[in-house]
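Bear in mind that the values in this text are calculations on the coordinates, not laboratory data. Remember, it's a predicted structure, so these values are computed and weren't measured experimentally. Using ideal geometry, Cβ is built from the backbone for each residue, glycine included, and neighbour counts are taken over all protein chains shown.
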């Protein structure tokens, strides 16, 4: 049996252009060691076999790449001659079906997957979107323009392209990018995205960003997707950690850049859920960062849906925080809930009656490490303003006092209160290592604290399920982590129909009552100093547990 090199194997299949390009790494995945003679048919047939024009020569055309050119300071695509399936004019890939006299324009900016690597002109995101818009019952005609560039992943280039466009009021600009390539440049990306948003706002143009899907984050991976993810993403999938395929962390975690965009008023859609299984589209991924024509059609349909949403049209110009929060809430609620949280909610509901219509249901989340008069004061202030109150006790055993002791002290400390109060373990879904690991790192810098997942999960899933209308927090002047957590609550919860109330801290003489102060006195065994700071039940427990020499 003869053993051929990759280049020789491609030549035998008639893929001469690919054979020549593979030496330069074009298309990108052909330079991967795993793309060998043994794998090429296994990887390509599931992606393209349904097309009547599929053949080795067809692959040669749709993956053809002649590099880039520079025009007006920005990078564009070099023209490809004698290619029946790929046409480029002035660096811009052709979109099929554009109207001659459009009322508005839609510009798609991004790297190779926007350009359409592995797709003919009629099968790019832009062409599929154009087909949808042409057939829609819309009062205005849109022309879709494909500004995707092969091999260009720099946000700076998208801004340079944007500044060359003849933007008109009512146009749409979509930026598609990957969070993976922005991990080390998040601040730079956010700054440039803000400038692009402001640039579009001046012309009253809709500006929307999107995150691409990747096979390593697909829920319920197919066998082929597992293979691609493992081979093209190194050790991903082989490491035994919480970040394995289909883990709850992958399903719940939102991109950090996406959260930063939302916090700064930039609409940002995560396309990953569109590729989660089950779906009826068969195989989609070519490699770790590209997908076939079916994937392009899925994304085009999603963009079309966004453009038809009246609220998007109204809110993607100017202040759009509310729209972004609503979308993220739906994403968390509809796409990222699993049986664990549903079981936890059913358990909570079974121990507390559902609210009646018009009732106000309050909630407090506390660690109570240990339970003090400050915690009791917060509860007393909250219960006066609502009909019933949930107290969620942080269940993680990462505090000085155990969960069982903290939970018991809260129950004993509120026995005298008359209104219905339900003390509930927080489980894995409220201030846990899963939703908010930074809470348990007390030396965390303020700007590194990201509690967005915890707050969004609470506002989008937990609060609606339990009928919670109000959340109460104590004023926090000293702890960076808690202070940042409270700020995130004010950012998201009111937009999710949960009112947030900050209650001033209770003071004993000149001392602000806090659990940390109690622990300091306890370390010195100064029981007289801590006695006025805690309820009798807590004091008795501390004295019995720590009073002996």
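Side notes on the structure shown:
- When each of the peptides 390-403, 272-285 is scored by the mean number of other C-beta atoms lying within 10 Å of its residues, the order from highest to lowest reads 390-403, 272-285.
- Square roots of 5 times each gyration tensor eigenvalue, C-alpha, region 77-210, largest first, Å: 23, 20, 12
- Between residue 82 and residue 53, the contour length at 0.36 nm per residue exceeds the alpha carbon distance by 8.7 nm.
- Annotation for residue 433 and residue 416: the two label points, set 7 Å from Cα along the Cα-Cβ direction, are 3.9 nm apart.
- Cut-off 19 Å, label 7 Å out along Cα→Cβ of residue 497, residues of region 372-395 by amide N: 386-390
- Counting every other Cβ atom within 10 Å of each residue's Cβ, 508, 268 order from fewest to most as 508, 268.
- Simple spin-label estimate for residue 90 and residue 511 gives 7.5 nm between the two label positions (7 Å along the Cα-to-Cβ direction from each Cα).
- Euclidean distance of C-alpha centroids, region 455-494 and region 368-429, integer Å: 16
- For region 340-546, the Rg and Dmax computed from alpha carbons only, in angstrom: 16.5, 51
- Estimated inter-spin distance, residue 487 and residue 404, nm [label 7 Å along Cα→Cβ]: 3.9
- Protection proxy ranking, peptides 375-385, 418-428, 81-91, 118-128, average beta carbon neighbours within 10 Å, highest first: 118-128, 375-385, 418-428, 81-91
- Residue 42-residue 169 FRET efficiency (beta carbon distance; Förster radius 45 Å; 0.05 resolution): 0.35
- Region 340-546: relative contact order as a whole-number percent, Cα under 8 Å and 6+ apart: 25
- A simple packing score, the average count of other Cβ atoms within 10 Å per residue, orders the peptides 294-306, 204-216 as 204-216, 294-306, with the highest score first.
- Ranked 158, 189, criterion: other C-beta atoms within 10 Å, fewest first: 189, 158
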